[in-house]
Amino acid sequence: MTQQKNGPLSGVRVVEFAGLAPSPYSAMILSDLGADVIRIDRPPTGDEITMDPRVNLVNRGKRSIALDLRQDASKSIVTELMRNSDILIEGFRPGVMERLGFGPDEALAVNPRLVYGRMTGWGQDGPYKMAAGHDIAYVAVTGTLHSIGADDPVIPLNLVGDFGGGGAFLTIGVLAALHEARTTGRGQVVDAAMVDGAASLATIIYSLLNAGRWEDRRQANLLDGGTPFYSVYRTADDKHVAVGAIEPKFFAEFVAGLGVEISLSSQYDRAGWPEMRSRIAQRIAERTQAEWIETYEGTDACVSPVLSLREAPTDPHVRERGTLVEIDGAIQPGVAPRFPAHDLAPPPPGSSPLPGAHTREILAELGIEGIDEFIASGTGVQSEADSTAEPTGVSK
């Protein structure tokens, strides 16, 4: 009964318990790559303060069933979904799924081949496991936040903990476990903690620290803005360019384009970095961002424009690859990674499902009888919103 989609994960069924962004992001990746993702939503109450679900991109390509999990009839539906799925994803604090009656023991008893993916901030054990937290907390305790910024640490949005250390690592974990399940016939729990993933992302920084090639302070190192040739500079039109001319041959091309006197042999002379940075900054401030990009076009100087979120889709490389696509004023990332054997593309903006958009469809696939009565009782909800209405939250 798995919905067949295009992609390397076609035929894989994922059941996702609705949660906050990191676990839905992992399920989005799986959906992008061809998995049939069924999201279990709570019945809408009308009191939700959030964006229109149809423009929430982490739900793209999924199907939604809305269930009141307090009801025994709904619990039997969840059991059937677990029985007929390859992967389960949940993002609650430790113990919540167990209290609902859908913990790993119950799930694996129903389906011994099931991969049970758990997404939390602190993990399933440890002294902080029950503590509240957000991305900033997980990044803070791993040394990562300390390493980014100038006088004070700078928050890297919520990309390092929530999405890089969380959602992406959960995806890696469930796919690895799926491979083992298909080899051995045994499923297992995947404990994906954002704190663990955020630390893993910093592996190369810890390597440099251990080798004595990284100072444990901000803006004093090769990759943290400490060098004048790996930094960001303001242009004459109050925009910025990013410079990443680390290798001497790239640095030489960067200096040649600047048109100022800078000794190439002084590139790694720390004592001269303040003066070098000042000269570069003064020179770049004399011309606009577009003028500098034109100057360095076709070179290996590693100079790029710092584009805003709305400017990014206009970059010629980003546009041609479909790295970001814009349709009807809505911007969304394309599918990553790419598979030449499959022509994968994100669904149109606004196509993420409303909670319960596929309740009847999924119940029918499960062979459930009395669907009308089930929905009439409020145990399950089929959204009946006007599909022709324009989703809110799309900028025109």
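Calculate the all-directions average of the projected area of segment 20-152's alpha-carbon convex hull, and give it in nm².
Numbers: hull surface 42.9 nm².
Averaging across all directions leaves 10.7 nm² for the Cα convex hull.
Looking at the square roots a ≥ b ≥ c of the eigenvalues of the Cα gyration tensor of segment 125-196, which shape do they give, rounded for a/c under 1.5, prolate if a/b is larger than b/c, or oblate? If you can, show how the numbers build up before the last one.
Numbers: a/c = 3.80, a/b = 2.22, b/c = 1.71.
Prolate, because a/c is 1.5 or more and a/b exceeds b/c.
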Q.
Output the 0 to 90 degree angle, nearest 10, between the alpha-carbon long axis of helix 273-284 and the longest principal axis computed from the alpha carbons of the chain.
A. 80 degrees
Q: Could you give the spread of the C-alpha atoms of segment 182-252 along their three principal axes, from largest to smallest, in whole angstroms?
A: 61, 34, 25
**Q.** Degrees between helix 248-258 axis and first principal axis of the chain (Cα, 0 to 90, nearest 10)
**A.** 70 degrees
(Q) Using the Karplus curve 6.51 cos²θ - 1.76 cosθ + 1.60 with θ = phi - 60°, what ³J(HN,Hα) values do you get for each residue of segment 86-99, in whole Hz, with x for Gly and Pro? (A) 9, 9, 10, 10, 9, x, 8, 5, x, x, 5, 5, 4, 5
Q. How are the C-alpha pair distances of segment 244-385 spread across 5 Å bins, as whole percents from the shortest bin up?
A. 2, 7, 12, 12, 9, 9, 9, 9, 7, 5, 4, 4, 5, 4, 3, 1, 0
Q: Read phi for every residue in segment 61-73 and hand back ³J(HN,Hα) as whole Hz from Karplus 6.51 cos²θ - 1.76 cosθ + 1.60, θ = phi - 60°, with x for Gly and Pro.
A: x, 9, 10, 10, 10, 9, 9, 8, 6, 7, 9, 4, 4
Q. Under 26 Å Cα-Cα from Lys62, which lysines qualify once same-chain neighbours fewer than 8 residues away are excluded?
A. Lys5, Lys75, Lys396
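Within a Cβ distance under 14 Å of Arg113, other residues only, what is the Lys/Arg minus Asp/Glu net charge? The partial results should precede the final answer.
Values: positive: Arg13, Arg83, Arg182, Arg186; negative: Asp86, Glu180.
Here the count lands on +2.
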**Q.** Cut-off under 5 Å, modelled amide H: who pairs with Arg39 long-range
**A.** Glu16, Arg63, Ser64, Ile65
Q: Determine one quarter of the surface area of the Cα convex hull of segment 27-89, which equals its mean projected area, and express it in nm² to one decimal.
A: 4.9 nm²
Q) Where nothing but the Cβ of Lys and Arg (+1) and of Asp and Glu (-1) is charged, how large is the charge dipole of the chain around its Cα centre, in debye to the nearest 20? A) 660 debye
Q.
Placing unit charges on C-beta atoms (Lys and Arg positive, Asp and Glu negative, everything else neutral), compute the dipole magnitude of segment 1-157 about its Cα centre in debye, rounded to 20.
A. 460 debye
Q. Which aspartates and glutamates have a Cα less than 12 Å from the Cα of Lys249, not counting those fewer than 8 places away in the same chain?
A. Asp300
Q | From phi via Karplus (6.51, -1.76, 1.60), per-residue ³J(HN,Hα) for segment 286-295 in Hz, x at Gly/Pro | A | 7, 10, 6, 4, 4, 5, 5, 5, 5, 4
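Which of Trp122, Trp273 has the fewest other C-beta atoms within 10 Å, and how do the rest follow up to the most? Write out the running numbers ahead of the final one.
Working: Trp122 22, Trp273 16.
With the fewest neighbours first, Trp122, Trp273 line up as Trp273, Trp122.
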(Q) Over the Cα atoms, compute the radius of gyration (one decimal) and Dmax (the largest Cα-Cα distance, rounded to a whole number) for the chain, in Å. (A) 24.8, 81
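What does the charge count near Ala193 come to, summing +1 for each Lys or Arg and -1 for each Asp or Glu among other residues with Cβ under 11 Å from its Cβ? Let's see the in-between values first.
Working: positive: Arg118, Lys129; negative: Asp125, Asp191, Asp196.
Here the charged neighbours net out to -1.
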Q) Under 5 Å between amide H atoms, partner at least 5 residues away or on a different chain: which partners does His240 have, H built in plane at 1.01 Å? A) Thr235, Val306
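Taken together, the values in this text are just the output of simple stated rules run on the coordinates, not laboratory data. Note that the structure is a prediction, hence the values are computed from the model and not measured. Every residue, glycine among them, receives a Cβ derived from its backbone with ideal geometry; neighbour counts consider all protein chains shown.
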